[in-house]
Amino acid sequence: MNGNIAELADFLNPHTLHRIRSQTQQILDVRSKYAPNKSIWLGETASAYDGGVKGVSNSFADGFTWLDKLGTVAQMGVDVVMRQSLFEGSYALIDKHFDPLPQLVGNKVLKVTLIEINKKNDNEGKKVRIYAHCTKDGRYSKGAVVLYFINLKNTTIYLSINSLKNRGAVIDMYLLTPGEKGNITSK
């Protein structure tokens, strides 16, 4: 998305988030034709190009586009994602005091699979997105999975993961919310 004209609403728009899918598919098609055994790296990426969106690309709201991009491109077979930039622009990962900004998450994505969810309650067009990937070795037991959910709705959602019921699953939950209640452009 163009950092010069994008607005906060674009960061929460499923159609905006879906653009990465068609862009990635174009790259996959080129690779398939000319270099089928090569890995794909996505470099110098962020939520919005040309410096990002001032006051948005460096806020909690950026997490929606960034996490969705990581999940989507990994599900499509991208091997590495490199963020632009560490320090400078509205999409920096750390601020001028060297404190991390909300979008500082991960630098390499492996084996992420998009999980299709029951869409009967998502009439607004994929406003609830769920991604899953294997955990890093050593931290959790073998076969453990990380699920992350992106809720683009302005309401609380309730999810039930039926396959975990009655299995004695250990669940560590981290709920990410804006620093200032209700202000998704907070840091």
Residue hits (the range 13-58; touching an Asp or Glu at 6+ places or on another chain (Cβ under 9 Å) and assigned to a loop (DSSP other than H, G, I, E, B)) are Ser39, Ile40, Ala46, Ser47, Ala48, Gly51, Gly52, Val53, Val56, Asn58
Output for Cβ contacts, cut-off 9 Å, separation at least six or different chains, first residue free of Cβ contacts under 8 Å to residues at least 40 places away in the same chain and within 30 Å of Ala9 (Cβ to Cβ) in the range 134-158, second part of a strand (DSSP E or B) and of a type in the set (D, E, K, R), reads Phe149/Arg129; Asn151/Arg129
Of the candidates Asp10, Asp50, Asp29, the one satisfying the condition of being closer than 29 Å to Gly179 by Cβ and modelled with pLDDT of 90 or more is Asp10
Among residues of the range 31-67 being farther than 29 Å from Val128 by Cβ and touching a Gly at 6+ places or on another chain (Cβ under 6 Å), the residue surrounded by the fewest Cβ atoms within 10 Å (Cβ to Cβ) is Asp50
Scanning the range 107-154 for residues that are more than 22 Å from Arg83 (Cα to Cα) and of a type in the set (Lys, Arg), the one modelled with the lowest pLDDT turns out to be Lys119
Checked the range 3-12 for anything crowded, with 19+ Cβ neighbours inside 10 Å and either assigned to a helix (DSSP H, G or I) or not hydrophobic (A, V, I, L, M, F, W, C) (or both); matches are Gly3, Asp10, Phe11
Only one of (1) surrounded by 15 or more Cβ atoms within 10 Å (Cβ to Cβ); (2) in contact with a strand residue (DSSP E or B) (Cβ under 7 Å, 6 or more places away or on another chain) does not apply to Asp79, and that is (1)
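The values are calculated or read from the model by the stated rules, or taken from the named source; none is laboratory data. Just so we're clear, the structure is a prediction, and the values are computed from it rather than from any experiment. With ideal geometry, Cβ positions are generated from the backbone for all residues, glycine too; neighbour counts draw on all protein chains shown.
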